[in-house]
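What follows is calculated from the coordinates using simple rules that are stated; it is not laboratory data. Please read these numbers as outputs of a predicted model, since none were measured by experiment. Here Cβ is always computed from backbone atoms with ideal geometry, including for glycine, and neighbour counts include all displayed protein chains.
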């Protein structure tokens, strides 16, 4: 597999490898959390849409965990899209994971597609003007809303979600009001929310929203669960189980 300047191949799981830049935007715990949440939300999903797929980390984990699923990833940053294409090939998943270059807010990127059983996405956490973007363009694109934030992700998810589908969206712990407002405005109903602090007693680092179409009358009301990632000196049992399910340990 061809590597470009500043890249290397790292271990993603027991079965998966990933091309990523040594000083670029790298696979982290939020990718693990989102892949696990998506698999929990729709374990029988056959058609998956990964919004802001980046270099393909979440899509690769889902493709390995859900071997019957076909995945389309949408990514606006050309460098990350190129890595996603090569990561699909590196892992023998090009027939099941199709990264597309484009802005997820552009409806033509998915023209002609059928609705999706599962839609995943982790919008960048930083609005423009909220800080100084990293000098590295890939890291800047991963952290700052250069191509939209939670509002764009929510609207696209609502537009492409199947009637019985679920969307799993991961946001930072500081954006609760904004995230809830964006999901409601898009026509998504939050049926479960996981607040994930690094340890018990700490504020949430991440919040994961599991959403359905707002008009789906299944009688489920929002459930909020606190899931600290660590207990004592080690991983919490639920996070150990999530990592084991994705073949990370």
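When both bridge partners sit in region 29-245, DSSP labels roughly 40% of those beta bridges antiparallel. Prolate is the label for region 157-249, because a/c, from the alpha-carbon gyration tensor with a ≥ b ≥ c as root eigenvalues, is 1.5 or above and a/b exceeds b/c. Ordering of 175-186, 229-240 by packing is 175-186, 229-240, highest average first (other Cβ atoms within 10 Å, averaged per residue). Using alpha carbon centroids, what distance separates region 174-243 and region 60-102, in Å? What the calculation gives is 25 Å, centre to centre. Please say if region 83-127 is rounded, prolate or oblate, where rounded means a/c under 1.5 for a ≥ b ≥ c the square roots of the C-alpha gyration tensor eigenvalues, and otherwise the choice is prolate for a/b larger than b/c and oblate otherwise? Since a/c reaches 1.5 but b/c is at least a/b, the shape of region 83-127 is classed as oblate. Helices in the chain, meaning DSSP H runs of at least 4 residues, each add -39500 (n - 2.57). Divided by all residues, the mean residue ellipticity at 222 nm is -8500 deg cm²/dmol.
Using the Cβ-Cβ distance between residue 223 and residue 111 with R0 set to 30 Å, the FRET efficiency from 1/(1 + (r/R0)^6) comes to roughly 0.25. Note on residue 94 and residue 70: the model spin-label points, each 7 Å out from Cα along the C-beta direction, lie 1.8 nm apart. Given their separation in residues at 0.36 nm each and the Cα-Cα distance between them, residue 200 and residue 181 gain 4.1 nm when the chain is fully extended.
Compute log10 of I(q)/I(0) for region 9-52 with the Debye formula, placing one identical point scatterer on every Cα and leaving out solvent, at q = 0.18 Å⁻¹, to two decimals. One equal scatterer on each Cα of region 9-52 leads to -0.69.
Once the Cβ-Cβ distance of residue 29 and residue 5 is raised to the sixth power relative to R0 = 30 Å, the FRET efficiency obtained is 0.65.
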